1. Over the chain, with every protein chain in place, what whole percent of the accessible area is carbon and sulfur at 1.4 Å, could you tell me?
2. With +1 on each Lys and Arg Cβ and -1 on each Asp and Glu Cβ, and nothing else charged, work out how big the dipole of the chain is about its Cα centre, in Debye to the nearest 20.
3. Between W262 and M478, what length in nm is gained on full extension when 0.36 nm per residue of separation is reduced by their alpha carbon distance?
4. Given the options I344, L368, T297, identify the residue whose Cα lies farthest towards the positive end of the charge dipole of the range 282-382 (+1 on Cβ of Lys, Arg; -1 on Cβ of Asp, Glu).
5. What's the angle, to the nearest 10 degrees (0 to 90), between helix 410-420's Cα axis and the longest principal axis of the chain?
6. Suppose R0 equals 41 Å. What FRET efficiency, 1/(1 + (r/R0)^6) with r the Cβ-Cβ distance, do T140 and N190 give to the nearest 0.05?
7. What whole-number value in Å² describes the accessible area per residue of the chain for a 1.4 Å probe?
8. What percent do you get for the relative contact order of the range 381-442 when only Cα pairs under 8 Å and 6+ apart count?
Amino acid sequence: MTSTTTTRQVGTSSGNVDDTALVEPIPGSSANEAPIRSYKTAWLYIFDWYPSHYSPLEKKMLRKLDIFLLTFCSFAFFLKWLDSANINNAYVSGMKEDLHLNGNQYSLFGTFYNIGYLLCQIPSLLILSRPRFAQYFLPTMEVLWSILTFAQSQLNSGAAIYGTRFLLGVLETPVASGSLYILSSWYRPNELFKRAGVWYVSNNLGVMFGGYLQAAAYTHLNGVHGMAGWRWLFIIDGCISLPIAILGYALFPGLPASAKPWWLTEEEHLLARRRMRDEGVEQSKPLSWKVIRRVFTKWHFYIAVLCYTFFLSSSYPNGQMALWLKDETAKKHHHWTVPQINTIPTGVQAVSVIVTVLATSLCMVYPLWAVMSVVQGCTMFSIITLLIWNVPMGLHFFVYYLLGFTAAVTPILIPWVNMVMKDDAEARAFTTGAMLTVGWGIYSFYPIAVFPVVQAPRWKRGYTVEVVFVFMVWFLFMVGQYLQRRDTKRAEAAILTADEEKLGEETIQVEDKS
């Protein structure tokens, strides 16, 4: 049995914890060593959220993190994707006809959103890396975007949609990359993946809920008080978002180095800080231009940015099933009602939820390369089938639902990047922000260039490009795994060499004394 100890620390007037104010020791993070798992029983890790070898104090602290931090981040991400899905649902539920939209304006909705999203990605991550501002930055941005969501119910032109989507992209920036950055600052690597999976599936639940919400709005509220059903959708969305955003001021803790949240005791807060320090997760340091040199002289930045960029673009077909259903109905091959066109594609999100929770739960007991290979293999099968196109209707439905596997990539890739860069908080924030900046920068024009709506739903050129992109995601991730193992071996060899040199010096000193 082993145990560790840490010390109580006293808060400063600035709200941050003073590492120099030491009082009496408190119990350490783990009471026992973690058990060794066999590959045959490793899948049971899915259910092991609070390991038995953790001390009672750590289990209690971890439960509080799940209840407050993980829950709020999941709700915030849910609301982000609820809003993103609702613009698509509104388009196929009367917005196109009411506002006389045409051509590629549908694609431009996403383009303007992505431009705002990518412009603020790195700045928002660097702000979140500051302990003093982290607690309030994300809830404030969420309140502002909730107010803007209400405004979308009064849109009357394509130009107005472009403007609101741009502003929403700016305001929603901290929720995606920022949430994972914050989670990786509170949770150990063996705790992070499964929680990142739970966090990430909230976006799939948001898309699913948006489909059902639009179907209900179209059926029950269309024409009420002279407003179309798609306008009511944004009002309902805002009513859901605003209270949760305001609640964030009480629930969101910021970083471990931020002021102690009310729902953690002094012991629990200090324990949270100590165990992440023991894991080698460095706290934030003053920003300087040196961080740029640290970022660009290491392989992590290039692998992370390229891998995520290829992935984000390769995931585009995931959300396009509704266009296929609408096209089949327009050509009178089949007939699906507007509510059906909104709800049938939610099956893709259901697959995403199941696959993401399962895949991320297994990431710490099976090799990451193996999990990623299965995910990308299923995605490749779907893309090749859609490229062939002329397949039985049942297979067509199957491969659209199978595209839900793409959801598992982000909660594997971004936590892995945060894990391998844990020794540099600023470089970690910059790289995570750059991943989304470059990824969404390419994605902002990718649909127009490769998946123009006028060619929907049979995008021959688009699915051809997708085959290459899906392969590149897998290939770059494998390269990253190789480089990580190489660096680990070098670090272990350096430690062994240093120990041998120290032992040699001690031996010489003993001989001299004798």
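The values are calculated or read from the model by the stated rules, or taken from the named source; none is laboratory data. Small disclaimer: the values here were computed from a predicted structure and weren't measured. Note that we place each Cβ from the backbone using ideal geometry, even for glycine, and neighbour counts take in every protein chain shown. Heavy atoms of the whole protein, side chains included, go into the accessibility calculation; ligands, DNA and RNA do not. Shrake-Rupley method; radii C 1.70, N 1.55, O 1.52, S 1.80 Å.
1. 67 percent
2. My answer is approximately 1060 debye.
3. 73.5 nm
4. Ranked along the dipole, the leading option is T297.
5. Result, in degrees: 20.
6. The formula returns an efficiency of 0.80 here.
7. Result: 42 Å² of accessible area for each residue.
8. It comes to 21 percent, rounded to a whole number.
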